[in-house]
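Asker: Dropping the structure in here first, questions after.
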Amino acid sequence: FRWYWQKEKREPYVKFMEANYPPGFSYEDFAPLFTAEFFDPDHWADILKASGAKYVVLTSKHHEGFALWGSKYSWNWNAVDVGPKRDLVAELATSIRNRTDLHFGLYHSLFEWFNPLFLEDATSLFKTRKFPTSKSVPELYEIVTKYKPEIIWSDGNGNAPDTYWNSTGFLAWLYNDSPVRDTVVTNDRWGVGSICNHGGFYTCSDRYNPGHLLPHKWENCMTIDKQSWGYRRDAKLDDYFTIEDLVKQLVETVSCGGNLLMNIGPTHDGRIAVIFEERLRQMGTWLKVNGEAIYGTTPWRAQNDTVTPEVWYTFSPKEGKVYAIFLSWPISGTLALGEPQAKAGETEVRLTGHKELLKWVALGEKGMLIALPQLTLKQLPCQWGWALQLTNVN
């Protein structure tokens, strides 16, 4: 919002501010209005646990520079000094660790759009390094030492190289000497040219979902609100992905070797809006039934099926099981799979969440036709995509 309003001066944003706020109202004037009076970190932790997620990443500071902890490098522009008057990072970290087994991670923006020190460095084409040495890099050391996050999700290189940020220096400390050196994982946004090239896992771009296998671990970081990473009071129902859309994203992502990081935008008063809570709990409901096809799996030799569209594969190396996840229930009651090579008398097929073995026939050298059970809506193990567990297939 700040960028569109103050930098790009987009007409709807400028007009909205003129119509609804007093003359001379600045972005900084929003800080006292960020109140978080309904922020209940225990409730957040319970929702996140119910979602089936294995890790959470809180935006500790975005490109506007406002820190959600009492940073000594962000005087009077942080949640302890102004607004909520609370250390939101500490509160959420504590609740997550006390109530869940989720790994706690922190997002941190390297650059800040309007910070005078950063703008000065940019003017010198990053020959000077006032901003990273006095603000951004000290903040990184501060959040790691103070909150011990297991994921550092870096973002916003400001078109500056990693040498300007001294990313390699920080990462060397992080992986060798920091309190989280044995558990921490990092992404790939550490300076111009590092994205999709260097990092523990690649993000490549926002909302990245390539649809094919990547040789390096990656993450699809996307938003439940199709248009925004923040909370929008004027959002319509159509602006949110349905649970069917989200399950599809998850399945495609995991079968291609990725993780899904699903963003929600909380409100200024500290709530997770009901629509976001519903989506998260729905995802958890789906994972309760189909988690075995997702957690701890690796990509199979084929990612999606050659005969039936909307079928995605995962592989459980521990049990040697292949999972075929199909997103629409066929009217015929039979599902044709072009990829698995079944073995007569050996291959077994189960629907996850359903006890009985399913009947199948081989289709030539490769492929099989599976008879799905005839179930009523109430008997279906879940509503938005189903997984077949295949044992003893080549």
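The values are calculated or read from the model by the stated rules, or taken from the named source; none is laboratory data. Just so it is clear, the structure is predicted and the values come from calculations on it, not from any experiment. Note that we place each Cβ from the backbone using ideal geometry, even for glycine, and neighbour counts take in every protein chain shown. For the accessible areas, the whole protein counts, side chains as well, though only heavy atoms, and no ligand, DNA or RNA atoms are used. Shrake-Rupley method; radii C 1.70, N 1.55, O 1.52, S 1.80 Å.
Asker: Is it fair to say Lys127 is closer than 30 Å to Thr163 by Cβ, in a loop (DSSP other than H, G, I, E, B), of a type in the set (Lys, Arg) and modelled with pLDDT of 95 or more? Walk me through it before giving the result.
Answerer: Values: closer than 30 Å to Thr163 by Cβ: yes; in a loop (DSSP other than H, G, I, E, B): yes; of a type in the set (Lys, Arg): yes; modelled with pLDDT of 95 or more: yes.
When the stated conditions are applied, Lys127 passes them.
Asker: Is it the case that Arg129 is of a type in the set (D, E, K, R), closer than 21 Å to Glu64 by Cα and in the same structural domain as Leu92 (by the TED database)? Full working, then the answer.
Answerer: Values: of a type in the set (D, E, K, R): yes; closer than 21 Å to Glu64 by Cα: yes; in the same structural domain as Leu92 (by the TED database): yes.
Taking the combined requirement at face value, the residue satisfies it.
Asker: Taking the options Gly257, Gly200, Gly270, name whichever one is at positive phi and within 17 Å of the chain's Cα centre (by Cα).
Answerer: Values: Gly200 fails: at positive phi; Gly270 fails: within 17 Å of the chain's Cα centre (by Cα).
The unique qualifying residue is Gly257.
Asker: Can you tell me how many residues within the range 20-76 are hydroxyl-bearing (Ser, Thr, Tyr) and open to solvent by 20 Å² or more (accessible area, probe 1.4 Å)?
Answerer: 7
Asker: Which one of these does Val251 not meet: (1) buried (at least 16 other Cβ atoms within 10 Å of the Cβ); (2) without any contact (Cβ under 8 Å) to a residue 60 or more places away in the chain; (3) among the aliphatic types (A, V, I, L, M)?
Answerer: (2)
Asker: Taking the range 276-321 as the region of interest, how many residues are hydrophobic (A, V, I, L, M, F, W, C) and part of a loop (DSSP other than H, G, I, E, B)?
Answerer: Our first condition is that a residue be hydrophobic (A, V, I, L, M, F, W, C); within the range 276-321, this holds for 276, 280, 283, 286-287, 289, 293-294, 300, 302, 307, 311-312, 315.
Next cut, part of a loop (DSSP other than H, G, I, E, B) only: 294, 300, 302, 307.
Residues flagged as hydrophobic (A, V, I, L, M, F, W, C) and part of a loop (DSSP other than H, G, I, E, B) within the range 276-321 amount to 4.
Asker: Just give me the residues in the range 1-19 being surrounded by 10 or more Cβ atoms within 10 Å (Cβ to Cβ), assigned to a helix (DSSP H, G or I) and not hydroxyl-bearing (Ser, Thr, Tyr), in sequence order.
Answerer: Result: Arg2, Trp3, Trp5, Gln6, Lys7, Val14, Lys15, Phe16, Met17, Glu18.
Asker: Between a residue in the range 73-101 that is under 25 Å from Leu117 (Cβ atoms) and any residue that is open to solvent by 50 Å² or more (accessible area, probe 1.4 Å) and not in a loop (DSSP other than H, G, I, E, B), which pairs come within a Cβ distance under 7 Å, given they are 6 or more apart or on different chains?
Answerer: Hits for this filter: Val82/Pro32; Gly83/Pro32.
Asker: If Ile272 satisfies every condition in (1) assigned by the TED database to the domain that holds His62; (2) in contact with a Ser or Thr (Cβ under 6 Å, 6 or more places away or on another chain); (3) not small (Gly, Ala, Ser) but one, which is the exception?
Answerer: (2)
Asker: Still on this model: Can you find a residue that is assigned to a loop (DSSP other than H, G, I, E, B), surrounded by fewer than 19 Cβ atoms within 10 Å (Cβ to Cβ) and touching a helix residue (DSSP H, G or I) at 6+ places or on another chain (Cβ under 6 Å) anywhere in the range 150-158?
Answerer: The initial filter retains those residues of the range 150-158 that are assigned to a loop (DSSP other than H, G, I, E, B), namely 150, 156-158.
Next, only the ones that are surrounded by fewer than 19 Cβ atoms within 10 Å (Cβ to Cβ) stay: 150, 156.
Now narrow it down to the ones that are touching a helix residue (DSSP H, G or I) at 6+ places or on another chain (Cβ under 6 Å): none.
Within the range 150-158 (the criterion being assigned to a loop (DSSP other than H, G, I, E, B), surrounded by fewer than 19 Cβ atoms within 10 Å (Cβ to Cβ) and touching a helix residue (DSSP H, G or I) at 6+ places or on another chain (Cβ under 6 Å)), the answer is no, since none of the residues qualifies.
For (1) in contact (Cβ under 8 Å) with a residue 40 or more places away in the chain; (2) crowded, with 16+ Cβ neighbours inside 10 Å; (3) among the polar types (S, T, N, Q), each residue gets a yes or a no:
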| residue | (1), (2), (3) |
| --- | --- |
| Thr203 | no, yes, yes |
| Asn209 | yes, yes, yes |
| Leu213 | yes, no, no |
| Glu219 | yes, yes, no |
| Ser228 | no, no, yes |
| Arg232 | no, no, no |
| Leu237 | no, no, no |
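Asker: A follow-up question, please. I'm checking my understanding of the structure. Among residues of the range 335-387 that are under 23 Å from Lys248 (Cα atoms) and of a type in the set (Phe, Trp, Tyr), which one is most open to solvent (accessible area, probe 1.4 Å)?
Answerer: My answer is Trp384.
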